[in-house]
Amino acid sequence: MALTFFARRPAPADFPAVEPEPWPETGETWKPEGITIVQRYYNQAHAVVLVYTADDGKAGTYYTVACLGCHFASAQDGRRTYTTRYNLSEAAKTANEHATTCRALPRDLPARPDDDTAREQLHAWVRGARSRKEDVQVWLSDLDLIRLTLQRTNDWIVDALQQLATDQPDVLRTEHSQYSDYVSYYACRLPEN
């Protein structure tokens, strides 16, 4: 009798395999434009937690973690003081820790916005980076947290930033390096009222 008591277990819950629809432009499911997904983890309800990069590797490759269930996103380790960006092992650890505690339901990748919507998201992000005290340098890596909603390549983003600097020099300015063809972007200081 004691053996039957311990042998009873609840039936395992069968979660439906939720596969996102392939993108019509590329026919791929897990390849949003502008990022490279390197690892996927499943949370307790089978929502996907992604580890991805948007770096081209010139200054090292850094990774971002994003949950497609609960909107958790992290690009920096707040426990460190020097290099705060994630390397692959740190990003994997963060994604795994989040996946073991998150209970959010699965969602697909966000729909890819059209060019005008993506450009407006980028412009809103630049306007939000502005400060009353000084010009703020804008780095492409600062955009890593919104890459899943922006879904554009670095070249497209650079072109959009160049156009914004040309159209609205009071919002964004560029600075060209005298030693190379590197361009820095600065969100201009907010005007005094």
Residue match in region 39-50 (condition: modelled with pLDDT of 90 or more, surrounded by fewer than 15 Cβ atoms within 10 Å (Cβ to Cβ) and under 16 Å from the mean Cα position of the chain (by Cα)): yes
Subset of region 173-189 [farther than 16 Å from Trp125 by Cα, open to solvent by 60 Å² or more (accessible area, probe 1.4 Å) and not hydroxyl-bearing (Ser, Thr, Tyr)]: Glu175, His176, Gln178, Asp181
Odd one out for Lys93, checked against (1) open to solvent by less than 50 Å² (accessible area, probe 1.4 Å); (2) assigned to a helix (DSSP H, G or I); (3) closer than 30 Å to Tyr41 by Cα: (1)
Filtered residues of region 39-52 (kept if touching a helix residue (DSSP H, G or I) at 6+ places or on another chain (Cβ under 8 Å) and either hydroxyl-bearing (Ser, Thr, Tyr) or part of a loop (DSSP other than H, G, I, E, B) (or both)): Tyr41, Tyr42, Asn43, Gln44, Tyr52
Yes/no for Leu190 being touching a residue at least 24 places away in the same chain (Cβ under 8 Å), part of a helix (DSSP H, G or I) and either in contact with a Pro (Cβ under 9 Å, 6 or more places away or on another chain) or not acidic (Asp, Glu) (or both): no
Condition check for Ala104: assigned to a loop (DSSP other than H, G, I, E, B), at pLDDT below 90 and not β-branched (Val, Ile, Thr): no
Residue match in region 5-22 (condition: at pLDDT below 55, surrounded by fewer than 10 Cβ atoms within 10 Å (Cβ to Cβ) and aromatic (Phe, Trp, Tyr)): yes
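The values are calculated or read from the model by the stated rules, or taken from the named source; none is laboratory data. Here the structure is a predicted model, which means the values were calculated and not measured. All Cβ positions, glycine included, derive from the backbone under ideal geometry; neighbour counts span all protein chains shown. The accessibility values were calculated without ligands, DNA or RNA, using every heavy atom of the protein model including side chains. Shrake-Rupley method; radii C 1.70, N 1.55, O 1.52, S 1.80 Å.
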